[in-house]
Amino acid sequence: MIHFLAMIHLLIAGNKNVGKGLLMVVLSYLSSNESPVTIHFLTMDLHESSPEFVPPSQAQFDFIRRLLKRKNEESDILVYDVKEEFLKYRWEKKFKHSSYTPYALARLFADFLPLPEKVLYLDTDTFILGDISPLY
């Protein structure tokens, strides 16, 4: 009997400052899960507001993609730019004096994106210590 592993879809959001956390999530997933995974990463370039408000580099995404595909060729990371929706709702003004970055709200734009019906949102400070398919 052939056992097919179902694709897991993870949703993560952030800017360049979450690069190490994103890598940690990916490595912890790969070390404890066999199912292929698609990481849906939401980000935006708001460098006009702050030099810190830029996405991770393409090199970081390429590195993570190579790690994912080394474990399972079906796995991937997809990057979504949610800047247009963010600006459309004029939320940039609300973050001028906030301790939160605009990326804290990026996940709220998931409904506007062509995502699968089921995704599991994770923050970049989340360790995956076991098989998440029952949770998914």
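The values are calculated or read from the model by the stated rules, or taken from the named source; none is laboratory data. Predicted, not measured: the structure shown is a model, and the values here were computed from it. Please note: Cβ atoms are built from the backbone with ideal geometry, for glycine as well, and neighbour counts cover all protein chains shown. Heads up: the accessible areas ignore ligands, DNA and RNA and are worked out on the full protein's heavy atoms, side chains in. Shrake-Rupley method; radii C 1.70, N 1.55, O 1.52, S 1.80 Å.
Which whole-number percent is the relative contact order of region 17-125 (Cα, under 8 Å, 6+ apart)?
33
Nearest 10 degrees, 0 to 90: what angle lies between the long axis of helix 58-71 and the longest principal axis of the chain (Cα atoms)?
For helix 58-71, the angle is close to 20 degrees.
Between Leu135 and Arg66, what is the label-to-label distance in nm when each label sits 7 Å out along the Cα-to-Cβ direction?
2.9
Counting only residues 5 or more places away or on other chains, whose amide H sits under 5 Å from the amide H of Leu78 once H atoms are built in the peptide plane?
Here the answer is Ile39, His40, Phe41, since their amide H atoms fall under 5 Å of that of Leu78.
Answer rounded, prolate or oblate for region 1-43, using the Cα gyration tensor with square roots of eigenvalues a ≥ b ≥ c: rounded when a/c is under 1.5, else prolate when a/b is larger than b/c, else oblate.
Oblate.
What do you reckon, how do Ser35, Ser133 stack up by accessible area (1.4 Å probe), largest on top?
Ser133, Ser35
Accessible area of the chain with a 1.4 Å probe: how many percent of it is carbon plus sulfur?
That fraction is 57 percent.
For region 1-94, what does the accessible surface come to per residue with a 1.4 Å probe? Please give it in Å².
Dividing the accessible area of region 1-94 by its residue count gives 55 Å².
For region 34-85, what class follows from the C-alpha gyration tensor (a ≥ b ≥ c being the square roots of its eigenvalues): rounded when a/c is under 1.5, otherwise prolate if a/b is larger than b/c, else oblate?
In terms of gyration-tensor shape, prolate.
Please list, ordered by chain and number, the residues whose modelled amide H lies under 5 Å from the amide H of Leu120; skip anything fewer than 5 residues away on the same chain.
So Leu120 has HN proximity to His9, Leu10, Leu11.
Take the alpha carbon gyration tensor of the chain, find the square roots of its eigenvalues, order them as a ≥ b ≥ c, and report rounded if a/c is under 1.5; if not, report prolate when a/b exceeds b/c, else oblate.
It comes out prolate by the Cα gyration axes.
From a point 7 Å beyond the Cα of Ala6 in the direction of its Cβ, which residues of region 33-73 have a backbone N at a distance under 13 Å?
35-36
Compute the helix-to-body angle for 19-32: its Cα long axis versus the longest principal axis of the chain, expressed 0 to 90° and rounded to tens.
Tilt relative to the chain: about 20 degrees.
Could you sort Met24, Met44 by their accessible area in this structure, using a 1.4 Å probe and putting the largest first? If you can, show how the numbers build up before the last one.
Numbers: Met24 40, Met44 0 Å².
Greatest to least solvent exposure: Met24, Met44.
Under a Cβ-only charge scheme (Lys and Arg +1, Asp and Glu -1), can you give me the dipole magnitude of region 42-130 about the Cα centre, in debye to the nearest 20?
Details: 13 positive and 15 negative charges, 25 e Å.
It comes to approximately 120 debye.
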